Every structure is written in structure tokens, then in C-alpha cells.
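In what follows, a structure is listed as C-alpha cells, so that the remarks can point back to it.
The values are calculated or read from the model by the stated rules, or taken from the named source; none is laboratory data. Keep in mind that what you see is a predicted model, and the values were worked out from it rather than measured. Ideal geometry is used to build each Cβ from the backbone, glycine not excepted, and the neighbour counts take in all protein chains shown.
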Amino acid sequence: EDKVVQSPLSLVVHEGDTVTLNCSYEVTNFRSLLWYKQEKKAPTFLFMLTSSGIEKKSGRLSSILDKKELFSILNITATQTGDSAVYLCAGGYMEYGNKLVFGAGTILRVKS
Amino acid sequence: DAGVIQSPRHEVTEMGQEVTLRCKPISGHDYLFWYRQTMMRGLELLIYFNNNVPIDDSGMPEDRFSAKMPNASFSTLKIQPSEPRDSAVYFCASSSRAGITGELFFGEGSRLTVL
């Protein structure tokens, strides 16, 4: 049973489109939800969410957490080819101290 | 800051050989994590340290894997003997907080191929 499930697994869009990436998570010992972007190398941090309903925004990217329905979304507006990457969602769990569990990721490809 | 530094960047070895991966975390970070990434299993936490002490090693696949952090600026992940199924990208990450409450800073990874 996966603690963190992302959808879709992959997505192809055209420049200028808006995309929504989904992440659902298990609630037991849940503490936080984090989004990372991975291009060719290491994942880089995008957002951390701990409170329900409060949108976090950075440029064309935004994210929100719904602790009632146990999911988060990552929105990207006016997509650019540079947004092509794997987007990883991770749940922070208070197990054995602290544990960050990653989903399988969503592969986003933005075509020009 | 130089960021998290890992070495080697690429390693190709034969089954049965010992492999040692190295990591230098960001100075001042108290937490160090070792992750493994494969196409099949995604990004998996192997072990993490707090103040050089291993806190959770439940992700270490088996006894062939071991990790040490002799001081605040250096950690190793060792596989002995290596097997083809160990082929993956191994990431080291560090953080000033526990990871679930703050950003992890990842190194560029060590790509291991075991023939």
C-alpha cells in the first residue's frame, strides 16, 4: 500500500496550457506535504504545505492542501518548455522520528 | 555555499565488488539522508542521520548495505558485495530540520551500475 500516490503518471501539454498535478496521501502520522521538481539531476524544492486551504504560490506555480480529502494539487499556469520535468510529491510522516515518503512522480512534458 | 557534494558521480562495477559512495552535507545541517532512485521503485529513503547518529535505517535493503557518519561533514554508504539489482541513482540530502518540516537539499547523485 503506497502512502503517497500521484496522478497522472505522465502528461504532455503545449506551451501556454495550464496543468494540474494531483497527490493523495495516507493520513496516519501525517505531518506535512512537500513538492519537488526533478529535471535531469537532483530534486529541487518547490513548496511545503502543512495547513489546509492555504495556497502557496511562486510565479506561475501554486499548490494547496486539502486535509479533509487528503490530497494536494500543484498548478502550473502558462506552461513553458522549461517546466518539463518530473514533479515529485512527498508526505512527511512522524514515524521513527521523521520520514519523508515520495510518490512515484508525474512526468510532465511541455511541447513548443 | 557549495551545496551537498557527492562522489563518485558515476560508478560501474562488477557483481561482488565493494562500492563506497561518499557525501559531504551542507555545513551546519544537522540531518543527512541517503535515498535511492530507480524507475521501478521511485525515490526511497534508505537511512537518515541526526547529529551524526543513525535515526532510521528501516529502508536499508539488507545487510549488504551499511552507512556511517563519522563526523558532521562526511558520510558514506557502502554496498558489499554489490549485486546488479543495486543499480540505481543514490542521492544524499541534508537539511537543517527534519525534512518533514523543512526543505531537503539534494546532491547531484551517484549513478551506480553493477554488471
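Filter the stretch B:61-102 for residues that are modelled with pLDDT of 95 or more and among the β-branched types (V, I, T); which is farthest from A:T44 (Cα to Cα)?
Filtering the stretch B:61-102 for residues that are modelled with pLDDT of 95 or more and among the β-branched types (V, I, T), the one farthest from A:T44 (Cα to Cα) comes out as B:I79.
Quick one: in the stretch B:60-84, which of the residues that are in a strand (DSSP E or B) and among the small types (G, A, S) is nearest to B:S94 (Cα to Cα)?
B:S75
Can you tell me how many residues in the stretch A:62-105 are part of a loop (DSSP other than H, G, I, E, B), within 14 Å of another protein chain (Cβ to nearest Cβ) and touching a residue at least 60 places away in the same chain (Cβ under 8 Å)?
Residues flagged as part of a loop (DSSP other than H, G, I, E, B), within 14 Å of another protein chain (Cβ to nearest Cβ) and touching a residue at least 60 places away in the same chain (Cβ under 8 Å) within the stretch A:62-105 amount to 6.
Regarding B:I26, is this residue in contact with a strand residue (DSSP E or B) (Cβ under 9 Å, 6 or more places away or on another chain), surrounded by 21 or more Cβ atoms within 10 Å (Cβ to Cβ) and outside any strand (DSSP E or B)?
no
Counting only residues that are within 16 Å of B:F91 (Cα to Cα) and hydroxyl-bearing (S, T, Y), which one in the stretch B:10-38 is farthest from the other protein chains (Cβ to nearest Cβ)?
That would be B:T20.
Would you say A:L108 is under 27 Å from B:M40 (Cβ atoms), at the interface with another protein chain (Cβ under 9 Å from one of its Cβ atoms) and modelled with pLDDT of 95 or more? Break it down into steps so the answer makes sense when it comes.
Numbers: under 27 Å from B:M40 (Cβ atoms): yes; at the interface with another protein chain (Cβ under 9 Å from one of its Cβ atoms): no; modelled with pLDDT of 95 or more: yes.
No; evaluated as a whole, the condition is false for this residue.
With the requirement that a residue be more than 30 Å from B:R9 (Cα to Cα), under 15 Å from the mean Cα position of the chain (by Cα) and of a type in the set (D, E, K, R), what does the stretch A:27-59 give you?
A:E55, A:K56, A:K57
So which residues in the stretch A:78-112 are among the β-branched types (V, I, T) and surrounded by 14 or more Cβ atoms within 10 Å (Cβ to Cβ), if there are any at all?
Passing the criteria: A:T79, A:V86, A:V101, A:T106, A:I107, A:V110.
Is there a residue being within 28 Å of A:V86 (Cα to Cα), in contact (Cβ under 8 Å) with a residue 12 or more places away in the chain and surrounded by 22 or more Cβ atoms within 10 Å (Cβ to Cβ) anywhere in the stretch B:48-69?
The answer is yes, given that some residue of the stretch B:48-69 is within 28 Å of A:V86 (Cα to Cα), in contact (Cβ under 8 Å) with a residue 12 or more places away in the chain and surrounded by 22 or more Cβ atoms within 10 Å (Cβ to Cβ).
Could you list, in sequence order, the residues of the stretch A:16-47 that are modelled with pLDDT under 95 and part of a loop (DSSP other than H, G, I, E, B)?
A:E26, A:V27, A:T28, A:N29, A:E39, A:K40, A:K41, A:A42 - these are the residues of the stretch A:16-47 that are modelled with pLDDT under 95 and part of a loop (DSSP other than H, G, I, E, B).
If you take the residues in the stretch B:39-59 that are more than 11 Å from chain A (Cβ to nearest Cβ) and either outside any strand (DSSP E or B) or over 13 Å from the mean Cα position of the chain (by Cα) (or both), which one is nearest to B:Q17 (Cα to Cα)?
It comes out as B:N52.
Out of the residues in the stretch B:77-112 that are polar (S, T, N, Q) and more than 28 Å from A:V4 (Cα to Cα), which is nearest to the other protein chains (Cβ to nearest Cβ)?
The qualifying residue nearest to the other protein chains (Cβ to nearest Cβ) is B:S82.
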